[in-house]
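This report refers to the structure that appears directly beneath it.
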Amino acid sequence: MNVIVVPDYEQMSLHAAETVAAEIRARTRTVLGLPTGNTPKGMYRELVRMHQAGELDFSGVVTFNIDEYWGLSPEHPMSFAYYMRTHLVERVNIPAGQANWPVASGDQAAACRDYEERITAAGGLDLVVLGIGGNGHIGFNEPGTSFDTRTHVVRLAEETRLANCRGYGFRDLDDVPEFAISMGIATIMGARKVLLLASGREKAAAVAGAVQGPVTEELPASILQRHPDVTLIVDEQAAFALSPREA
Ligand code: F6R
């Protein structure tokens, strides 16, 4: 694992955007797996700035959101589809039809199959960008999820619903969906390259576990130790619990 520790959130965001931009510039067509949440907002801001400055062309970019709350329509303002459109897709030149998010209603098995098929049809993921939960989740693969899972419907951990309620502006906990559809661990591990971002002291224990702990389904991000091309960009707060060798 390549662990890059930067001073703060701003530096993490700039570095992450540079990494994504380098992937986009490296080929004519790039398939990205993309996270939502608070961590990547600065990265998206910088990618949009690069595009507006004429430095980055998204016409060959295909995106796949990593996850979605089950039951929220893509028009719902708290949906991850809405997030991705407003933070990135509608601000750059990704052609209509090249931005993907999972179907999050109806037949669950069919929705999961459909998402895997779309990813495969796109040629697989060149780069997946991840945030990390305080409990070590990646995507919405909560502790205890089998490493073999592909896209699946998950019950969100209580701590995740609480964190999302506080962090994402839900009115109260009852408004936070109980289920989500998420790329599985095996889907994420199938990406050619992985970039994980973390900022803040509340991520420190999960980051240390992911990098230096045992590979265990109890800390889903620890599986990344087995991926051949993983970079973590973490700020000093999130690197707090790493041993000096990594930090
Ligand atoms: C969101 C996702 C989640 C988040 C994680 C961290 O699409 O897949 O795994 O990356 O919950 O969320 P933030 O960045 O809000 O702390």
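No lab work stands behind these numbers, since they all come straight from the coordinates. As the structure is a prediction and not an experimental result, all values here were calculated from the model. Positions of Cβ are backbone-derived with ideal geometry, glycine not excepted, and every protein chain shown enters the neighbour counts.
DSSP loop GluC sites (Glu not before Pro) in the range 1-86 with at most 12 other Cβ atoms within 10 Å of their Cβ, which ones?
Passing both the DSSP loop test and the Cβ count: E55, E75.
Show me the ranking of peptides 206-219, 132-145 by mean Cβ neighbours inside 10 Å, starting with the highest.
In decreasing order of mean packing, 206-219, 132-145 become 132-145, 206-219.
Could you give the dipole magnitude of the chain about its Cα centre, charging the beta-carbon of Lys and Arg +1 and that of Asp and Glu -1, in debye to the nearest 20?
520 debye
Over the chain, with a Gaussian network built from C-alpha contacts below 10 Å, which listed residue (D172, D114, D67) shows the highest mean-square fluctuation?
D172
Return the long-range amide H neighbours of V31 (sequence gap of 5 or more, or a different chain), with a cut-off of under 5 Å between placed amide H atoms.
V62, D126, L127
How would you classify the range 59-205 from its alpha-carbon gyration tensor, with a ≥ b ≥ c the square roots of the eigenvalues: rounded for a/c under 1.5, else prolate if a/b is greater than b/c, otherwise oblate?
Rounded is the answer for the range 59-205, as its axis ratio a/c remains below 1.5.
Quick one: work out the % antiparallel among DSSP beta bridges in the chain, nearest 5.
Just about 25 percent of them are antiparallel.
Using the Cα gyration tensor of the range 163-209, with a ≥ b ≥ c the square roots of its eigenvalues, what is the shape: rounded (a/c below 1.5), prolate (a/b larger than b/c) or oblate (neither)?
Oblate, because a/c is 1.5 or more while a/b does not exceed b/c.
For W70, W101, what's the fewest-to-most ordering of other Cβ within 10 Å of each Cβ?
Fewest-to-most ranking of W70, W101: W70, W101.
Given DSSP loops and a limit of at most 11 other Cβ atoms within 10 Å, what is the longest stretch of the chain that contains no such trypsin sites (Lys or Arg not before Pro)?
Between exposed loop sites, the widest span is 28-170.
With only alpha-carbon atoms counted, please give the Rg and Dmax of the chain, in Å.
16.7, 49
Amide H of W70 versus every other amide H placed in the peptide plane: which residues, excluding those fewer than 5 positions away on the same chain, fall under 5 Å?
Amide H neighbours of W70: F179, A180, I181.
Assuming a ≥ b ≥ c are the square roots of the Cα gyration tensor eigenvalues, decide whether the range 1-113 counts as rounded (a/c under 1.5), prolate (otherwise, with a/b larger than b/c) or oblate. Mind showing how you got there, number by number?
Details: a/c = 1.83, a/b = 1.51, b/c = 1.21.
Prolate shape, in that a/c is at least 1.5 and a/b is the bigger ratio.
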